[in-house]
Every structure is written in structure tokens, then in C-alpha cells.
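Here is the structure we will look at, set down as C-alpha cells.
Only the coordinates and a few stated rules stand behind these numbers; no lab work does. On a predicted model such as this, the values are computed, not experimentally measured, just so you know. Reconstructed Cβ throughout: ideal geometry from the backbone, glycine too, with neighbour counts over all protein chains shown.
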Protein chains: 4
Amino acid sequence: MTPPTSARTGIWLIGARGSVATTVVAGCAAVANGLRPPVGMVTLTPPFQDCGLPPLGALVFGGHDVVSCPLPKRAEQLAAQGVLPYDVLAAVQEELAAAEAAIRPGGAVAGDLRDGHELVSRFAEDIVAFQTDNRLARCVVVNVASTEPAPRADDTGMPASSLYAAAALWAGAAYVNFTPSTGLHHPALSGAYKVPVAGRDGKTGQTLLRSVLGPMFAQRALAVRSWSGTNLLGGGDGAALADPAAAAAKNAGKERVLADTLGTAPEGQVHIDDVPSMGEWKTAWDHIAFEGFLGARMVLQTTWQGCDSALAAPLVLDLARLLARAHEIGITGPVPELGFFFKDPDPGAYASLAEQHLALLGLAGRLREGDA
Amino acid sequence: MTPPTSARTGIWLIGARGSVATTVVAGCAAVANGLRPPVGMVTLTPPFQDCGLPPLGALVFGGHDVVSCPLPKRAEQLAAQGVLPYDVLAAVQEELAAAEAAIRPGGAVAGDLRDGHELVSRFAEDIVAFQTDNRLARCVVVNVASTEPAPRADDTGMPASSLYAAAALWAGAAYVNFTPSTGLHHPALSGAYKVPVAGRDGKTGQTLLRSVLGPMFAQRALAVRSWSGTNLLGGGDGAALADPAAAAAKNAGKERVLADTLGTAPEGQVHIDDVPSMGEWKTAWDHIAFEGFLGARMVLQTTWQGCDSALAAPLVLDLARLLARAHEIGITGPVPELGFFFKDPDPGAYASLAEQHLALLGLAGRLREGDA
Amino acid sequence: MTPPTSARTGIWLIGARGSVATTVVAGCAAVANGLRPPVGMVTLTPPFQDCGLPPLGALVFGGHDVVSCPLPKRAEQLAAQGVLPYDVLAAVQEELAAAEAAIRPGGAVAGDLRDGHELVSRFAEDIVAFQTDNRLARCVVVNVASTEPAPRADDTGMPASSLYAAAALWAGAAYVNFTPSTGLHHPALSGAYKVPVAGRDGKTGQTLLRSVLGPMFAQRALAVRSWSGTNLLGGGDGAALADPAAAAAKNAGKERVLADTLGTAPEGQVHIDDVPSMGEWKTAWDHIAFEGFLGARMVLQTTWQGCDSALAAPLVLDLARLLARAHEIGITGPVPELGFFFKDPDPGAYASLAEQHLALLGLAGRLREGDA
Amino acid sequence: MTPPTSARTGIWLIGARGSVATTVVAGCAAVANGLRPPVGMVTLTPPFQDCGLPPLGALVFGGHDVVSCPLPKRAEQLAAQGVLPYDVLAAVQEELAAAEAAIRPGGAVAGDLRDGHELVSRFAEDIVAFQTDNRLARCVVVNVASTEPAPRADDTGMPASSLYAAAALWAGAAYVNFTPSTGLHHPALSGAYKVPVAGRDGKTGQTLLRSVLGPMFAQRALAVRSWSGTNLLGGGDGAALADPAAAAAKNAGKERVLADTLGTAPEGQVHIDDVPSMGEWKTAWDHIAFEGFLGARMVLQTTWQGCDSALAAPLVLDLARLLARAHEIGITGPVPELGFFFKDPDPGAYASLAEQHLALLGLAGRLREGDA
């Protein structure tokens, strides 16, 4: 049994100046320093002790971004929105500045494969340099950038998310796709990976609920007739997903969990509305019409009001810690036991949260034993 | 391995002229005759095939009640309320009349132990006669009567629900307490039972939801601060539960599932309001305030609108079938694997629905193998 | 002061075999015969007594439709859906048959003006014949057909709803457009009408709510930031409005009431989803994010679960009665005092329900006095 | 016509160190200094211009309280809860300190009338001294203290709220009771007042909604069968109202608005739950079951999530400004035109918000004209 590592571990964030990334960096420092309890972090609960995960204090942050607003400034904006408490903001300035110093320019992509290769190469060099400069034992690349439009049929080049994913592979870093963007799902990136990878699209609200409610209806043999949902999002994600092409991938994930857990696809649509005034907050309403015994018509409605960054950030830290340890013990390729975290998990993952949680506990055992 | 039985099996309903009982009798006939699909019946899903459960067509109904409105009349009222479809009502008149003919007078209880013994004796004789007259292989007694007030400290006699439970034991019948009433939970009825028993308080709405939502919050390490609920009920149950003493047992079950799944008891109360105009329908609103990463305050609200009888009746049939088979293969005493069906399950049961479902599947295996 | 009329009055329904029309015919008979109280009928409340409105017993029904399912059959379907009570269905067979006998074939429209003229002529002849055959004092044509697509820029012909409206004018009948379809809003139909007309798009749910909630926010000087809505509809209307072009007119009305009552157009969209399994029932969810003092962010959510036909039918009877009396005393042209009933009322109407109600009471006074 | 006054006007707050009072003082400064727009203040909308109301900059604050936490400290706590923005907090320190300096000790009351007289005398002297020291033209006393228990039958003394109200009368100050406490509703305080008075119980959420929804159902002749509500409150008010005796007065107001606007009292209860973790925020759920045409059963549900202090504070400023002007022009006794602001308005007030708003606009006209 390998002793728990405390080797310095890098987390390289694609979209490193966004709300999620900022909350990851600030929150990691706040919890590591004991300013706040580790609420929302699954890997700091008892089943994950002694699994060799890198401690929060050993995590080092950097990343790519195409926007220039520096991380400490972004953190101030999040504090004004009620996402970061003001005392936390004041206490983590140093950590924000350190991460800011490690951010390198990302790059928009013209769609041309030759340019793509050059970009991948530059991105990979940035990641390698980050590891060398900080004497890191290893690095996990996590995509937390805004959702990109779904690729169109005539797209011949790789989308940006796939270029970053390719760079992670080239740099020998583990890779997590926390968004519905293409990432490793591009045909040119299929094959046997030498690092552990996980994705895609973090499950933080409506789909999380669906992954427990769907099984409930199925286990009780209740017939779900329709499942309709509306999401109201502000922030950058609302704007990105107001584009129907961008929303398509996300909605596919939301509906897949229903088909997988119910055994049949109910009627109903999912809407994602951009409501800028909601800022970092989101609301998801679900209306589920179901039939019971003798056709009695019943309804369940749910309203989930959450802060996207606060829901996503601890899961990003969880995933990075789990994948770092997986990397350390030699696990490679997709890790379906991480389906617990995703809307659209890797093949082989369960669809119900309860089964996903059991699988995750199983992974914890493997990580503890060092059993790749 | 014992071949599936098709022996005639009795279901003796305490509260045999109530809404749930009426829906049980009418619905059993409707599904057995192919008028309606078996929506809501868990034991007619694939995992329970070949488990030796008595087929619906082999079930024979009778019971005790203190009210005199005959079953066919009660069924008409349920049709007017939209619980029983009119075509079903018309098609099951014969089965309703047969069950009505097998109903014997129940009896209010003065609280005196001597009278109690006499009542138990009369009730047991009724059950035995029902078995004999109908040449039944065995019988399951199910309490679906209105909830009785919680016993007070100075109550020396047994409550009615316990007298009926005692009668079931004396008659050698399996026993299910589908209500929060005392039933077998009376000290005078403790001990080693020679029949399988199960209870208590069928889980048909708000608590069902809580048993999947509580684990979700716990598995995601989210800190639930408060969980508040309001139930609006019409029908007899609304009136019974408007009595705080009667509601106490029910609410205890609702709150226990939270403490058991969350690991801590959140703030918040549960109200049960009698709203007569809602008739057979009930609405449950839950408001769950939780904290995420860095203390972000979020809220989930659920509204469940259901028909109590339509939710309860298929579970009553499920429980009766499962307990009949358990009885056949020699299982005795509480069956915690049936916690899936109850708000306040027997000791040893899991609290989360997912684990309860796994346990139930395990029981299905034992029943299939005839492994007591 | 003119004494109340009891002259026989015709109601000619465009879409005469639809859910709303069927409920109008059956419900009028049920209330007229004392089978049910006049719940939902505004003109049977005290302020409208002695206004000379034709009594329900004096109303005679006919209409156009392009579907062939006869009215009594359609009524059976509505009973199975819980819209018409079975005892009402049984009691109004004669009235349904009478109305069915008076239905004439409607006609789809090829878009060619010449054909249009011929259709209008045939439709008008049907209406005139209905009046003559039944010795009616007057007739009110009410469009309760499914919403038609909004006309496209290159449409040169009249939409069907306008042809029917033109037919009403030619036949000298008053006209009500209870749908968002074009009707009299076609440029070729502008001008001075010789009959009273009213429209458009009956206000039966979400917009009704908005017309009282919008003024509340405005009167309290609360700043509404976003107002988002989702409608789930089954039945024919759900399918018709799932077409974005058809939904456009309806949504315009829903959003206009906000701009008019709030004085500013908030962020937010309105969705109309076709959910066939909901049948005659509809659910509307509204999410209103508003700011209070010092920018405090607050939220109101509403969920309206209604039966479209049951909400619309009594208003159709109200409008027909009011317009019949208006016709009798010589009122011509749009009647903005009827804005109370519509999403998209005629110019000059108020936007808030309270002001619309005051205007309606004013109209009641004019009708009572016979003051055109 | 009297020219608008800019005479210095006192606002003497009973409960001067509570959340509402703190938000009043801080918010008045923030709006007066242009830091925030006057959202939520009705008297800063156009209809109230030129009515001679004292400008915000002319308001001077003081008051009584029995707690000792100073106002600037309380303001910090409100900022941490998200009620006061941090930039506002920083900018209004001077005004908070000034108000803090003018707060005098309140006093619990033993229930003995002799002590009561002494307390009233001391309270009145404090108010007079406040006016003299600050050279105020006049003063309005506003009760914003925690709700006190409803008086019991055997209470012979005056409750604290009545002692403060008596002190206001003795000091010649106008008086507003923004709480459901007794205040002037004590028999010993009846009679002809020499000052204008207004009450009681500010309408900030659930009852505000009810005052527009009740009239909507009545105007549409829809039959409300039940109206059930649950309020979740943190803060001091949640704890105070968890006492059924304290909640009784509040609930009476909530139910009265239904009876008054619907013309009949529907089934259903109102719960007020103390949920300390909700802090300054409150949630109110209402479930309204109503019948439409032919008995169709429909439901409206509303969920109101607000910040109590942010809802109440601007109304307190509105009332104080209106009453100061009313005082100036010689209006005395209850002012039912202020029913717009209250759950339990003075006799003669309308019950529907729309009519209350019209009455308020009428009062604005009287104040403009100086017509007592």
C-alpha cells in the first residue's frame, strides 16, 4: 500500500480567469487554511481518507485563458455577487496573485488543422513549463471554460476544447472535461491514453436531481409521461448556452440521464435561458407528470436555486485530486467510476447517482490500495 | 427451488371500506383482468418474476371495518373524485361485491385489556373463518385504517391497531402495518413471531422523495441547514392527522429519514393540514436550504401532488404478495428488506431508497430460491 | 331603461367541435339547467344583473369546423379527461346534438384572394341561415379555433381567421376573437364596423396572473429585473403553439402586459411547450427576479395548473352575452372595456386587471342604461 | 397650496437597533446621497412629487430599544447577510453613529399599570428631548420592534407596544405601528387623537400577494376552495412568531384579506416557522385550490423569497414621510388611505391592493393641496 502522497500537484485550468476557476483557487486556499469548512468537497469526507489524494495545500494553480481580467479582480466581482465572502477574499489575495502569475494566454482557433497543431504545441509547452517551474510531481488539466458551440457537420478543424485536451495529452497531464464541449470526444483524439482522463460536463444542479429522481420513479414502477425543464442562467454560461448549438450538447446529457434511468424517454423539452441579471446564480425548474396505479395523474415539480461556481468548484478540486492519485498509481484512459460527477459520463458509467456513488467508493478503494 | 405458487391467498384489510382498501380491491381486479397496466406495482417488474409470488388472480379480499358504507358505493365516490376510472368501476363490480361480502364488523376499543382480549379473539376468529371459507393457503393482514392518535402516557390498554395486529398473530396470518399506528409496536406484542411481519407507515410521497434527496445531499457533502415541509391532505387521513397526537408518529418518520440519511437533523418543521376540499389528493411542499462551497446559500424546493390511494394501493398489493411468499417459505419476524416501502422501517433497514431497493432485490433472490 | 331581453341569441363558434366550444355548449346547458353553479362566469355575478344580457337559456349554438368528430363524441373525450363531469355529460346530450346539427363545414384556405371571397361568402351565408332558421334576434361569432401561424411577410392572402371574421361582418354578426390569430387585425378588414367587436386572445392563466402581479410590483416601486415563463400545454393548442410562428403572437401578448404594467420590459423569455400527455391541462411557471431596497435580490415564482377549456368557456359565454347586448343597444366597433378578458386587448384598454375590471363595470352600467 | 416643506423631521423608531431600523437608517442615507436608486420607496415615484413630503435628507433618526448591540455593529451583521451592500455600509457610518447616539433605553414592562404610567412618561420625555435637541419641526414614532405575544384575557396591564404608542401621543408625535403588536389597539388608548396615526402590520410579502390574487379570483368568479400558506422566517421575527400567541395577530391579518377580497373564508391554515438559519430572509409558499367552470379543479401556487428588512425599510420611510406631511397639514386620527401598506389596516380601508393604491393616490392629492 502506497503511503499518501503530499507531492506538489498542478491544476491547470482552461478558462483560468472564469468564475469557476476563480472560486476553485480562492476556495482551495480558504479551506486549506481553515477559513471555511470543506462543504461540497466529496473527497474530504471519511471514505476518501487515506486514499493518497494530494492535500489541498499541495495544489498549485495555473492555466490558459483568452480574457485578460486578472484573477484578483474577478474574485472581487464574485464577492460583490455574494459568491466569495469578503473575509475569504481578503485572506486569499496571495494565492490569487500566485495563480494569476501562472496564467498563460489561450488562443482562439481559426479551424485550420495546421494552426491547430501549432496551438497545441504552444499550449503543451505552457503546461510542461508550469510543471518544471513549480517542481510538480504531476499535473491535471481541467477544462472549466465557457461551453463552446457544438461542432457543425462541415467543421474540419478541431474545436478549441479539443486543442487544449490534445495539449494535456502531449504534456503527459491527466485531463478532466468539466464542460459539455468536445474535448477528447474528437475523432482525432481517440485511442489509448497514457494518462487518466474523465468527463464530461459537471453535474451540479438539474441533472444531479434527475439522477436521483429518475431511479426513484423507475424503482417504484411509476410511469413518467413527461419531464420538462427550464434553466435560467446569468453569467457567461447563460450567454454561451443561449446559443442553441451550444446548448445542444448540454441538453443531450440532461435527457440521456432520464432515458437511462427510466428505461424510456418521456415527452418534454429542456430550455436554457440567458438571464444576465441573475449573474452567478441559476434556477432550474422541472415539471414531471407521471401516472400511478390505474392511470392516476400526478405531478412532481422541483425548483433548484444555486450558485454555479460554488457548486462546480469543489467538484473540480475533487476530480483533480482523484485524477492526480489515479495518475500516480498508473491508471490510464477513461475512469467511468467518476460518472458521479458528470452529466455525460464515460462509457461504462452508471446513470443513477446511487450506483455512481457506489462506483466512486470502489474507486476510492483502488486508490487506497494503489491498485491500477 | 420451489415452483411459483398459485395457491389462493387471502388479503385481510383493516379499514376494508376505506379509500386505500377500495383501490386495492378494484385495482387488483383491473390489472388482473388486463384493463390497466400494472403501473405502480413493484412486484410486477422483471426482478420479481419467478419469485413464487401469488398472482393477482389468486388474491382473495376481506377485512374489518367500523364504517358501513359498502365497498361498491365507496368505489363510486372514488370514481367521482377521479381516482377510479369509470370504465374500471363498471368492470370490477363483481370483485367489489365479493370483497364486501367478506367484510366483518371492526370494533372500537374502550381501552380495557379484558375487552381487548375478547375483541382480539373475535377478530382472529373472523380471519380464520375467512381462510377456511375461501380455502386459502394463507392470509396476510394489512392495516390500511385511518391513523389513530399516538398513545398517551397513561394509556394502559392497547390501541385498536394493536388488537388487530394481535389477532393476525393469533390467526397465524402474516401482518403488514401500512399506517403509523402502533400495531405490533406495543410492548405486549414484542417477542418472536411465527409469521413474517412488516411495517410501518407506507412511504408514498414526501418521505419517498426525502429518501432519495437526503442521500444526494450527503453524497455531495452539501450542508443541509433546514428542511421544512407542509402537507395538505383531504379525505379521512387529513382529518385524522390534523390531530397533533396522530400526526406525531407520522412526522417522526418523516424527520427520521433526514437524520438517518444526512447524518444530522436539520432545522425545520413538518406540518400536516386537513384541507377537506382536496378530497383524495394531497400536496406536499418541501423547502430545503443548504450551503455549498464557502457557505453559498442555495435552495431546493419540491412540490409533490399525488393521489394517496393510487400511490398506496399498489404497494399494499406488493407487500401482501411478498409477505405471502415469505410466509410460504418460512420466513418469520420483521423483514427489514421491506424498508423500501416504509417511512419507519423495521430495525436493520437502510434509510436511503437506493440501498433499500438493493435490499429488496436481495429479498427477491431469497424468495426465488425459497431461502428462509 | 330597456328591459332585459330574452330574445333568442345565436353564438356561432369558429372551431365548433373543439374543446373550448364543446365545453361552452355543454356548460351553458349545465348551468342553465341548474346542474352546476355558474362558477367562472363573470356576467352572472351581481354587477351584471339587470344589464339586459340574454339569459343562458336563450342562447343557441352553431358554428364552423374543419374536423368531423361530432360534438357528443368530443364531449365524451372531455369527460374521460376530467373536464366534463359524467353526470353533466349525460344530462346535456340533447343540447350537444342540437349544436352538432347546426355545425357547417369550415374550409382551409389556399391563400388566394378570389377563393377567399368565395369562402367568406359561403361562411356568411351559413351564419345568416343559422339566424333565419332559428329565428334569432342576433348572433355573435366567436373564434375559438386553434391558433393559426402568424402570417409571413410574403402572405398576400388572408388567413382563415380573417375570412371568418369578414364573414361575421358581412352577416351583420358581432365578432369576438378569443384566439391570438389575425381575425380582424388584417389590413383589409380595418375600417368602421357596424357591429361591436372584441379581441383578442382570451386571458386565462399566465397572462391573467401577470396582469395583477405586474401592477403590484409597479405600485410598490420594486424593480423587476427578469420575468421568465414556461407553459406546458397538451391538447390541440399545445401542438399549434409548438410552432414558433404560431406562438409568436401569443407571446407578444404575454410580454406586452409586462411592459405596459411595469413601464419597462424586463429580461426573460416565454416558452410554450407541446406536451401531448397533459391533454386538456396546462401548467404555467413564472419566475420573477426583482430588486428591492438597496438592491436586495428577491424572487417570486408562480405555478398555475389549470384546465384550458374550463377557464376559457365561461369567458366565451360572458363575451357573447355582453356583445349581444352591446349589439342590441347599437354599440359598434371595438369595445376596449372588454380588455378584462384579453391578453392583447383593443386600443384604449387598460393593462392592469384592476383597471380593466373597473372599465368592465363601467360597461355594465352603459349596457344597463342602454347607452351606446 | 402649501409649498413643500424641508423642515427637519424626526423618525423615532421603537426597536431602533433591529434589522428593519438599521436598514431604514442606512438606506435613507444611501438613497439621499445618491449611492443607490430609490427602489422600493413608493413616495419617491412621480405621483408623490410636490406633495410636500420631507426630503430624505431632512430626516433625523433616534429611538428606543432594549438591546444594546450598537447600530453600526448591527449594520455589519446585515452586510454579512447580504442585506446591506458593503460599499453602502462603508459610506453611511456617520449616519449610523448619529442615529446610535440618539437611541435611548427601552424598557420591559411588568404589566402593572402604575409602572406603565412611569414608563410612558419616561418614553415621552425621550421623544420630546429628541425633538428639542435636534430642533425638529415634528416627529413620527414608528414601531418596528419584534412582534409581542397577543395579550391574554387576564392581562390587566398594557403591553409594551401600547406604552410606546401612548408615549407618542403624549409627545405629540404621529404614530405608525408597522408590527402586529397591540399599539393603539388597546382600549385605554381609544378616542380622538390629535395626531395622524396609521397601522398596523406592514404588508411585505405573502399578504401583499394575497391582496392582488384574492381580487383576481373574485373578479373572475372563480371559487377558491382552500388557501394554505407556510412562512419560513429566520431572524428575530421568526423566533417571536414561532410563539403561537404572537403569530395569532399576524395570521388573523393574513386570513382577513382573503375573507374581505373573496367574500368568503376558504379552507386552509397559515403556518409561521422559525428557521434560524434563514437569517434575514424569508420564504412564503401559498397553495390555492380553486374551482372553475363545471367544478374543474385547479391550483395556483406561489413562492415568495424576500429579505424582510429590505422589503420593510422603504415602506417605513414612505409612511413616516406621508404621516409627517399629514401632521403638518392638520390631519388627525387614523388614515385609512394608508391601508396600502398594512396587513390589518384601519377601519374604512379597502382590502384589495388596487383599491388601496387608488386611495393612496387620493391621499397624495390631499397632501399636495394641504387639504386636511
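Annotations
- Local charge for B:Leu209 was computed over the other residues whose Cβ lies under 10 Å away, with Lys and Arg +1 and Asp and Glu -1, and equals +1.
- Computed from Cα atoms alone, the Kirkwood hydrodynamic radius reported for segment A:206-307 is 14.1 Å.
- Dimensionless Rg/Rh of segment B:238-372 - Kirkwood Rh, Rg from C-alpha atoms: 1.03
- For segment A:26-183, the Rg and Dmax computed from alpha carbons only, in angstrom: 17.2, 51
- The orientation-averaged projected area of the convex hull spanned by the Cα atoms of the protein assembly as shown comes to 58.9 nm².
- Between 0 and 90°, nearest 10: helix A:206-219 axis offset from chain A longest Cα axis: 40
- Given B:Lys73/D:Lys254; C:Lys254/D:Lys203; A:Lys282/D:Lys282; B:Lys73/B:Lys282; B:Lys343/D:Lys343; D:Lys73/D:Lys254, the pairs whose alpha carbons are separated by over 30 Å: B:Lys73/D:Lys254; B:Lys343/D:Lys343; D:Lys73/D:Lys254
- For C:Gly365, inter-copy separations between label points set 7 Å beyond Cα along the Cβ vector come to 1.4, 8.1, 8.2 nm, shortest first.
- Ranked packing of B:191-199, C:64-72, most packed first, by mean Cβ within 10 Å: B:191-199, C:64-72
- Shown here is the pair-distance distribution of segment B:57-139: with all Cα-Cα distances grouped in 10 Å bins from zero up to the longest one, the shares run 16, 37, 30, 15, 2 percent.
- Kirkwood hydrodynamic radius of chain C, from inverse mean 1/r over distinct Cα pairs, in Å: 20.9
- Inter-label distance for B:Gln77 and D:Ala101, nm, one decimal - labels placed 7 Å from Cα along Cα-to-Cβ: 7.3
- D (Stokes-Einstein, µm²/s), Kirkwood Cα radius, segment B:3-55, 0.890 mPa s at 25 °C: 196
- Among residues of chain B, the one whose Cβ lies closest to the rotation axis carrying chain B onto chain A, together with that distance rounded to whole Å, is B:Ala354, 2.
- Estimated FRET transfer efficiency (A:His117, C:Arg152; beta-carbon r; R0 45 Å; 0.05): 0.45
- Computed over neighbours whose Cβ is under 11 Å from that of C:Arg225, the net charge equals -1, Lys and Arg +1, Asp and Glu -1.
- Neighbouring partner chain Cβ atoms per residue of B:303-315, average, 10 Å criterion: 6
- Within the listed set D:Met158, D:Met298, D:Met216, the Gaussian network model of chain D (springs between alpha-carbon atoms below 10 Å) gives the highest mean-square fluctuation for D:Met298.
- Near A:Leu89: Cβ cut-off under 13 Å, other residues only, Lys/Arg at +1 and Asp/Glu at -1. The net charge is -1.
- Simple label model, 7 Å out from Cα along Cβ direction - B:Ser190 to C:Lys194, nm: 9.3
- Other protein chain Cβ atoms within 10 Å, averaged over every residue that makes up B:277-287: 5
- Exercise: per-residue mean of other protein chain Cβ atoms within 10 Å, C:354-361: 3
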